[in-house]
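A.B. asks: This structure is in structure tokens; I'll ask about it shortly.
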Amino acid sequence: MANSPVTTSEDSSGLMAKAIKEGLFAGLLALGMFLLYVGIETYQNIDNKLVWRTRWGLLAIFVIASAVGRFLVVGFIRPHIDQRKLANAKAGIPEVSDHKSFFQTHFLKIALVALVLYPPMAVMLNGVQGSLKFVDNFGIQILIYVMLAWGLNVVVGLAGLLDLGYVAFYAVGAYSYALLSDQFGLSFWILLPLAGILAAFWGIILGFPVLRLRGDYLAIVTLAFGEIIRLVLMNWTEVTGGTAGISGIAKASVFGIYSFDVGASNNFAKAFGLPMSSAYYKIFLFYVILGLCMLTAYVTMKLRRMPIGRAWEALREDEIACRSLGIDTVKTKLTAFAIGAMFGGFAGSFFAARQGFVSPESFVFLESAVILAVVVLGGMGSLIGIAVAAIVMVGGTELLREMEFLKHVFGDDFTPELYRMLIFGLAMVVVMLFKPRGFVGSREPTAFLKERKAVSGSFTKEGHG
Amino acid sequence: MTSGTQTMNQDTILNVEHLSMRFGGLMAINDLSFQVKRGDITALIGPNGAGKTTVFNCITGFYKPTMGMITMSQRGGDKFLLERLSDFDITKQAKVARTFQNIRLFGGLTVLENLLVAQHNKLMKASGYTVMGLLGLGSYKREAEAAIETARQWLERADLIDRADDPAGDLSYGAQRRLEIARAMCTGPELLCLDEPAAGLNPKESLALNVLLNGIRDETGTSILLIEHDMSVVMEISDHVVVLEYGQKICDGTPDHVKNDPKVIAAYLGVEDDEVEEIIHEELDGSAQ
Amino acid sequence: MEYFIQQLLNGLTLGSIYGLVAIGYTMVYGIIGMINFAHGDIFMLGGFAALIVFLILTTFVAGVPVALALLVMLVVAMLVTSLWNWTIERVAYRPLRGSFRLAPLITAIGMSIVLQNFIQVTQGPRNKPIPPLVDDVFHFGDVTVSLKQILIVLVTSVLLFVFWYIVNKTPLGRAQRATEQDRKMAALLGVDVDRTISITFIMGAALAAVAGSMYLMYYGVASFADGFIPGVKAFTAAVLGGIGSLPGAVLGGLLIGLIESLWSAYFSIAYKDVATFAILAFVLIFKPTGILGRPEVEKV
């Protein structure tokens, strides 16, 4: 596994020898790594006693796959990539082109139209009941992550503050809606902004002491706060219902005009003489979350062109320089924290209204990690990149739930869902290795004199606080 | 105001009195007093480790001095005790701007954006602290255009207008120095503090810098305090020179006066102390004759 | 009083385990400035390796001496997790070294997810209980000390001494410290930086494997999800003690262990993790460099 670049002068037999050597090494390594975990299966027998059996076949597959994979990478794939790079360099083609296609320039408009048309298309193709899966599992699920990631983007992508506890604000929003609608019977449309405000308020309370911290310390304190909020929700049983959570949360209504409660006299389906189905509620929710996403995007884009947004980005680039220019960095960080938290709160109250049930299970660290991963994989600061990352990562793993046909390939015990997070994790690693700056690495300037030129990712910094 | 006021006349913009800064056991600055006159270019020189940057950091609030008083007197008569203000307030309220020895630009923002960030406080107010601006109300739009106009003027002055839309990190070293000065000027300061502005510049860039600094002084009336190693720059453009060695002032006066001061020569040439005394005696003898 | 001493002992035992894991975090952070999020899962892998070795040993060799069984478990667990951590560093962290700061953090989180789910998929999601390995207990008045507690504290102390020796007295340790101070300069002076970093990961993994085996021995159960919470606590310990400092990591680990057991004993078990995290937050806010960390000077 030597690190030396493959030179063109190297003859192919030498290359092959090297590839074979490294392939064998990788196989041996895989044998060592997988022998215990793959080669041996532990399970409890009828007496509930832990016993084991061997899986040599599976182990062999793992080892051979590693060896062959490494052989192919060293012997064929890497030389090929190097050659192409060399050819590009010779031809003078820059590795990053800033040429924009029609699709890229009008991406937002095309995407918006596609999203608005998405539910009716799903209904047309699959029927009302059949659309449920597409609208809910794919549409709403992905859009919630888009919204959360866009919210976190304000904190991480723009202001450069590494927040590993973002899910806390999502939880604050969700529980605010669940508790306040339960206790005071307030409607979704009143509680939505309220949940956002409460989350922002928490953002400020948590942010105030920690924002003096720098870099990884900030990351770890935000992680701690995220966990504290979850643990409190889990243990404060009288108020939050503990691990059981809160169920029977009121549904959102169409601004109080139509309800989606089955028994209500102004039920949406009844009012329009449609057959009863939960699909209408989901379609309605789809448009609600779409609207919320658009709001997030609009506010973010607008703020970037305002002094506060520029100050965020300047903060990410150099905090000391910011202070030398008269910018109150603590206030600036707090606003970023509060606004990011507010979007998280909106998403949280939406989540509660959609599920009708909240419990601490939904707000574990893994969620924060997934949201952060979407922001970084998308390209910090880039709304489009983040949306693409959410579609690929969240939609991609959702897709695995649907892959029933894999059962025909791997046998009936094969549950693709089990591999969902495994593949998600692998995808995170692979995308980062190939695109360390995310799908969209460049940033759009917020003002220009003559022409708007994207700033290459190699100039932007990732923040230190 | 306190006792220092009587020594300060209308012409003094910055009055540093009995400034001391201690880092653990190290006395980086020891009882330093000097004044910066309004409309002057004042240079702070001294050998490596003399404490020049520390003085700067005290003036601009990045360090809290152990002792002493730093008074900033604005044109309108407002006075600020800088050692009591936090770093960003020194720029925001007292109107003292600075640059850094290792250039600190926002590399990922464009040149123009760098200058807009510098006008943050003005624009924040105009945007009604974001709220009005977000709703499209108030004077934000007009002010934002005015800010771009201000930036354009500074870009022209700093000869960077062609690079306005490029990332600041992409500029050459000399251009980055000029941009940092232009950015500091966009905060609308009355006193501009420059930490080694000519360091690493080639002769052509150095000349351009002189023109820029002279222009700033003559056209905007901004006073300049600069740290410099390059004696040619110091002698050419400064009206007043303060020399530091080991955290203490050893000389203070016009460039000509300083140039001929034996203590300064000794400090720069690194002569032994007894030799300095010799030189001083010789001078005294010479003047006595 | 007896109750207090009992809790103190329990805290010390737990703290030793956290301390061992914390060393891995602190060494990696010290040398490449990265929070190795997957380290908690390396700890979990170590526990599983020990579990599987234990099962195999008990089926093939009846009446194998406990000490020998433990030794084999530890050594195999150390070897296997070292291989994993070495490979992870090579594949997921090294290519991103010197690139965008958040990229290795994301791959580390990704690796953490991968390891957890890998074990869940290959070994199943259920808790894996094993019969107690050592169940001798000693009574001193009302205070009960179990042999496994003594073993844990003993093994930790020995390992710490070995470690302290390696880092402070050997050329390898010197290379590590040099790389930590200034990677470029170390490379210029002939230190094989890549190799040094690899060895750091291997050392961290070996300690985590020991901690994982002890954790298994102490609680008698292993689960694929066992990496996260002890991992976060060990990281807390590393930060509390002052990240980058080896004695700090151990001190932090012991403190976290004590806080946890005393809090559970006197206040509420439910909020013991809240206490740990709250203390972490307080320490970081008021003394961000931790107890034994070097102060970081803001250079203007």
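A.B. asks: Residues in region C:242-257: is at least one open to solvent by 10 Å² or more (accessible area, probe 1.4 Å), touching an Asp or Glu at 6+ places or on another chain (Cβ under 9 Å) and within 12 Å of another protein chain (Cβ to nearest Cβ)?
C.D. replies: Checked against the condition, which is being open to solvent by 10 Å² or more (accessible area, probe 1.4 Å), touching an Asp or Glu at 6+ places or on another chain (Cβ under 9 Å) and within 12 Å of another protein chain (Cβ to nearest Cβ), region C:242-257 yields at least one hit.
A.B. asks: Where in region A:188-294 are the helices (runs of 4 or more DSSP H), entirely inside, with at least 3 residues that are at pLDDT below 80?
C.D. replies: A:215-235, A:268-271
A.B. asks: Using beta carbons and a limit of 7 Å, which pairs, at least six apart or on different chains, have the first residue in region C:138-160 and assigned to a loop (DSSP other than H, G, I, E, B) and the second one open to solvent by 30 Å² or more (accessible area, probe 1.4 Å)?
C.D. replies: C:GLY141/C:GLU2; C:ASP142/C:GLU2
A.B. asks: If the requirement is being within 14 Å of another protein chain (Cβ to nearest Cβ) and either within 25 Å of C:GLU89 (Cβ to Cβ) or crowded, with 22+ Cβ neighbours inside 10 Å (or both), which of these qualifies: C:THR276, C:THR289?
C.D. replies: Exactly one of C:THR276, C:THR289 is within 14 Å of another protein chain (Cβ to nearest Cβ) and either within 25 Å of C:GLU89 (Cβ to Cβ) or crowded, with 22+ Cβ neighbours inside 10 Å (or both), namely C:THR276.
A.B. asks: Kindly provide the set of residues from region C:24-76 that are assigned to a loop (DSSP other than H, G, I, E, B), within 12 Å of chain A (Cβ to nearest Cβ) and either aromatic (Phe, Trp, Tyr) or at negative phi (or both), ordered by number.
C.D. replies: Residues satisfying the conditions are C:MET34, C:ILE35, C:ASN36, C:PHE37, C:ALA38.
For (1) surrounded by fewer than 19 Cβ atoms within 10 Å (Cβ to Cβ); (2) out of contact with any Pro (no Cβ under 8 Å at 6 or more places or on another chain), each residue gets a yes or a no:
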position	(1), (2)
A:MET421	no, yes
A:ALA427	no, yes
A:VAL431	no, yes
A:VAL440	no, yes
A:ARG443	no, yes
A:THR446	no, yes
A:ARG452	yes, no
A:SER456	yes, no
A:PHE459	no, no
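A.B. asks: Quick check: anything in region C:69-77 surrounded by fewer than 24 Cβ atoms within 10 Å (Cβ to Cβ), of a type outside the set (S, T, N, Q) and closer than 30 Å to A:VAL74 by Cβ?
C.D. replies: Checking region C:69-77: at least one residue is surrounded by fewer than 24 Cβ atoms within 10 Å (Cβ to Cβ), of a type outside the set (S, T, N, Q) and closer than 30 Å to A:VAL74 by Cβ.
A.B. asks: Taking the residues in region B:237-261 that are open to solvent by less than 10 Å² (accessible area, probe 1.4 Å) and in contact with a Cys (Cβ under 7 Å, 6 or more places away or on another chain) as candidates, determine which candidate is modelled with the highest pLDDT.
C.D. replies: B:VAL243
A.B. asks: Hey, another quick one. Going through region C:230-241 one residue at a time, which ones are more than 9 Å from chain A (Cβ to nearest Cβ) and over 9 Å from the mean Cα position of the chain (by Cα)?
C.D. replies: Listed by number, the residues that qualify are C:LYS233, C:ALA237, C:ALA238, C:LEU240, C:GLY241.
A.B. asks: Considering region B:57-93 alone, what residues qualify as being in a helix (DSSP H, G or I), within 14 Å of chain A (Cβ to nearest Cβ) and modelled with pLDDT under 85?
C.D. replies: Correct list: B:LEU82, B:ASP87, B:PHE88, B:ASP89, B:ILE90, B:THR91, B:LYS92.
A.B. asks: Which condition number does B:LEU115 fail, the rest of (1) of a type outside the set (Lys, Arg); (2) open to solvent by 10 Å² or more (accessible area, probe 1.4 Å); (3) in contact with a Phe, Trp or Tyr (Cβ under 9 Å, 6 or more places away or on another chain); (4) assigned to a helix (DSSP H, G or I) being met?
C.D. replies: With (1) of a type outside the set (Lys, Arg); (2) open to solvent by 10 Å² or more (accessible area, probe 1.4 Å); (3) in contact with a Phe, Trp or Tyr (Cβ under 9 Å, 6 or more places away or on another chain); (4) assigned to a helix (DSSP H, G or I) applied to B:LEU115, the lone miss is (2).
A.B. asks: Of all residues in region C:91-112, which are open to solvent by 10 Å² or more (accessible area, probe 1.4 Å), within 7 Å of another protein chain (Cβ to nearest Cβ) and in contact with an Asp or Glu (Cβ under 9 Å, 6 or more places away or on another chain)?
C.D. replies: Listed by number, the residues that qualify are C:PHE100, C:ARG101, C:MET111.
A.B. asks: Please find, within region B:164-180, the residue that is modelled with the highest pLDDT out of those that are more than 10 Å from chain A (Cβ to nearest Cβ) and surrounded by fewer than 23 Cβ atoms within 10 Å (Cβ to Cβ).
C.D. replies: B:GLN176
A.B. asks: On to the next question. Open to solvent by 10 Å² or more (accessible area, probe 1.4 Å) and over 26 Å from B:TYR268 (Cβ atoms): does that describe B:ASP89?
C.D. replies: In short, yes.
A.B. asks: Right, another one. Scan (1) within 10 Å of another protein chain (Cβ to nearest Cβ); (2) under 17 Å from A:ARG304 (Cβ atoms); (3) more than 22 Å from the chain's Cα centre (by Cα) for the single condition B:LYS141 breaks and write down its number.
C.D. replies: Unmet for B:LYS141, out of (1) within 10 Å of another protein chain (Cβ to nearest Cβ); (2) under 17 Å from A:ARG304 (Cβ atoms); (3) more than 22 Å from the chain's Cα centre (by Cα): (1).
A.B. asks: I've got another one for you. With respect to the numbered conditions (1) in the same structural domain as B:GLY49 (by TED's automatic domain parsing); (2) at pLDDT below 85, which one is the sole condition not fulfilled by B:SER223?
C.D. replies: In the conditions (1) in the same structural domain as B:GLY49 (by TED's automatic domain parsing); (2) at pLDDT below 85, B:SER223 misses (2) alone.
A.B. asks: Does region C:125-145 include one or more residues that are touching a helix residue (DSSP H, G or I) at 6+ places or on another chain (Cβ under 9 Å) and under 30 Å from C:ILE32 (Cα atoms)?
C.D. replies: No, every residue in region C:125-145 fails to be touching a helix residue (DSSP H, G or I) at 6+ places or on another chain (Cβ under 9 Å) and under 30 Å from C:ILE32 (Cα atoms).
A.B. asks: A further question follows. Identify all residues within region A:41-83 that are in contact with a Leu (Cβ under 8 Å, 6 or more places away or on another chain) and free of Cβ contacts under 8 Å to residues at least 40 places away in the same chain; write none if there are none.
C.D. replies: Within region A:41-83, A:THR42, A:TYR43, A:GLN44, A:LEU50, A:VAL51, A:TRP52, A:LEU59, A:VAL63 qualify.
A.B. asks: Let me ask something additional. Which of the residues spanning region C:201-243 are of a type in the set (A, V, I, L, M, F, W, C) and without any contact (Cβ under 8 Å) to a residue 24 or more places away in the chain?
C.D. replies: none
The values are calculated or read from the model by the stated rules, or taken from the named source; none is laboratory data. What you are looking at is a predicted structure, and each value in this text was computed from that prediction instead of being measured. As a convention, Cβ positions derive from the backbone with ideal geometry for all residues, glycine included, and neighbour counts pool all protein chains shown. Just the protein is used for accessible areas: all its heavy atoms, side chains included, with ligands, DNA and RNA removed. Shrake-Rupley method; radii C 1.70, N 1.55, O 1.52, S 1.80 Å.
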